[in-house]
Amino acid sequence: MSGNGGKSFEGKVVLVTGGSRGIGRACVLAFTKAGATVVFSYAGNEAAANETLEAVKAAGGKAQARKFDVADTAACTEAVDAVVKEHGRLDVLVNNAGVAIDGLVMRFKDEDWDRTLDTNLKGAFALIRAASRPMMKQRAGAVINLSSVVGEMGNAGQAAYAASKAGLIGLTKSLARELASRNIRVNAVTPGFIGTDMTAALPEEAKKRMLDVIPLGRLGGPEEIASSVLFLASDAASYVTGEVLKVNGGMYM
């Protein structure tokens, strides 16, 4: 990272999908604090998107929200084109948007499988396909895909989610090889159990069971995932590509 007072992403343009809450919001805040201009997507929760924008503004950063569904590949292409048209470049793409539809395989519906794979995997593919064009012209770029510990170890009742997140790991490694000659790095982060609104609502017994399998004995914070994403996007990781960075408190090694 360049040593300009922590503004290591000054002049950089970053696109974060699913930036209205949780890990996505933490990524938006981390990049804007580091000086980047951030465009983030949200699927439908306008109130949450506005909260993210307010938080960025309060911290003196620059961000814009754009509503689109990453499962719509045409919308993905349009979003990348709009960012490049307005800002002249795209330096970092963070594929964070995702859905988790749980259910046992014998009762799992085709439409739920398709929705999960279209959002978590096909959406990331479509965004990287679109982003690779401006990044190739710049001969520089970084892509970070948010996979999951579940994509590495599997989880009963989450076959579709695990398959989509494991697919992201294969996509990351293949595209790291494909795009390296143009100085575009592609990496993945696999978060473990992260403290969000969703985990906060779990019964105490369920939370205790989760903590029992984490050697560090606590949930991770969204900011801890964001700092890993920031590292992989930065010059400090200039020789890192095709890496899957586990941020899970030791839950899976």
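The values are calculated or read from the model by the stated rules, or taken from the named source; none is laboratory data. Quantities reported herein were computed from a predicted structural model and do not represent experimental measurements. Because the Cβ atoms are built from the backbone with ideal geometry, glycine has one as well, and the counts that use them run over all protein chains shown. Note: areas computed on protein heavy atoms with side chains; ligands, DNA, RNA excluded. Shrake-Rupley method; radii C 1.70, N 1.55, O 1.52, S 1.80 Å.
Worth pointing out:
- Subset of segment 54-74 that is hydrophobic (A, V, I, L, M, F, W, C) and crowded, with 18+ Cβ neighbours inside 10 Å - its residue that is nearest to the chain's Cα centre (by Cα): VAL70
- Residues that are touching a strand residue (DSSP E or B) at 6+ places or on another chain (Cβ under 7 Å), open to solvent by 20 Å² or more (accessible area, probe 1.4 Å) and not in a helix (DSSP H, G or I) within segment 143-189 comprise just one, ARG185.
- Extreme residue, nearest to the chain's Cα centre (by Cα), among residues of segment 110-129 that are among the aliphatic types (A, V, I, L, M) and closer than 15 Å to PHE68 by Cα: ALA124
- Some residue of segment 90-99 being within 15 Å of ALA163 (Cα to Cα) and not hydrophobic (A, V, I, L, M, F, W, C): yes
- Considering segment 20-62, and only residues there that are under 15 Å from SER227 (Cα atoms), among the small types (Gly, Ala, Ser) and touching a helix residue (DSSP H, G or I) at 6+ places or on another chain (Cβ under 6 Å), the residue that is modelled with the lowest pLDDT turns out to be GLY22.
- Selection within segment 22-53 - on the phi < 0 side of the Ramachandran plot and either assigned to a loop (DSSP other than H, G, I, E, B) or loosely packed, with under 14 Cβ neighbours inside 10 Å (or both): ALA34, ALA36, ALA43, GLY44, ASN45, GLU46, ALA47, ASN50
- Among residues of segment 191-211 that are under 15 Å from ASN248 (Cα atoms), those with a beta-carbon under 6 Å from a residue that is of a type in the set (A, V, I, L, M) and assigned to a loop (DSSP other than H, G, I, E, B) at least six positions away or on a different chain give the pairs GLY192/MET251; PHE193/LEU219; GLY195/LEU219.
- Restricting the first member to segment 46-63 and to residues that are under 17 Å from GLY6 (Cβ atoms), and the second to residues that are assigned to a helix (DSSP H, G or I) and open to solvent by less than 20 Å² (accessible area, probe 1.4 Å), the beta-carbon pairs closer than 7 Å and six or more apart or on different chains are VAL56/VAL28; VAL56/THR32; ALA59/THR32; GLY61/THR32; LYS62/THR32.
- Residues being part of a helix (DSSP H, G or I) and among the hydrophobic types (A, V, I, L, M, F, W, C) - total across segment 81-140: 17
- So THR241, is it in contact with a Phe, Trp or Tyr (Cβ under 8 Å, 6 or more places away or on another chain) and of a type in the set (Val, Ile, Thr): no
- Restricting attention to segment 133-183, the residues that are among the polar types (S, T, N, Q) and touching a helix residue (DSSP H, G or I) at 6+ places or on another chain (Cβ under 8 Å) add up to 6.
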